[in-house]
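Heads up: the structure comes next, in structure tokens.
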Amino acid sequence: MRELAQRAFAAEFNDASHTFRESDDDRAPVYVLLPTGAKANRVFVVGTLTETDDVGSDNEYWQGRIVGPTGTFFVYAGQYQPEAAGMRREAEPPAFVALVGKPRTYETDDGNTNVSLRPEHLTIVDEQTRNRWVTETAKRTLERLTRFDDETNEYANMAREQYDTTGDQYRQTVITAVEELTADSTDIPTPNQEDSAGDTVASTTSGSEDSPSSSKSTAADEDSTSQSGDEIGDFDTSNLDSES
């Protein structure tokens, strides 16, 4: 059974340099540790595909950049990701795309660790899909931050040990993402509902999904909450600066 895909903004994902397995089995899945305290074997992102290049010598091997409100996801696909490679040939940047991929890390010559995604599914989407992804990812990030100080949260404990970061840094990431979305969008609903993280949210049209119906393979990789359109909406960040 495949792991459910996590959501994270680029600013957090690119900081997720620690990888681990939960068993000694060589076939056990490899996880990256998100700094807000969650493991991720697969990640779901939506953003603007701004660049694609075939950097392969003998075989096709392409690299791409998917830009979001807090930074850039770096994507690499080769002969073992034919669906993504085929979509890369069809997509004409700039274009909104949805991607489910496996996190990959590699150490550079200067000792830094870079994080990228190896795509499993890639599809072209519209701006509304991107906007819903931003609002839902903001909610998920805040939910992780709400649980971050729970001493029974093993992944939050691990994150505190591995990363020199605080929750405030990623709370600011949420503020940046949502404020940029609010500034850019003309279809932001009026806040009228409060979510479990304590932030005001508004429901969108009942039955809508994070991915359009023509993108079933990508939509199926989201977790059960993200597939419920009733749980997706905009929220107010005016009270986030005061939260611990």
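Sparse packing (at most 16 other Cβ atoms within 10 Å of the Cβ) combined with a DSSP loop state is found for the following trypsin sites (Lys or Arg not before Pro) in the range 20-49: Arg21, Arg27. Approximating the spin labels as points 7 Å out from Cα along Cα→Cβ, the Leu4-to-Tyr106 distance works out to 3.2 nm. For the listed peptides 168-181, 124-137, a ranking on the average number of other beta carbons within 10 Å per residue, highest first, reads 124-137, 168-181.
Taken together, the values in this text are just the output of simple stated rules run on the coordinates, not laboratory data. Because the structure is a prediction, the values reported are computed rather than measured. Cβ atoms come from the backbone with ideal geometry, glycine included; neighbour counts cover every protein chain shown.
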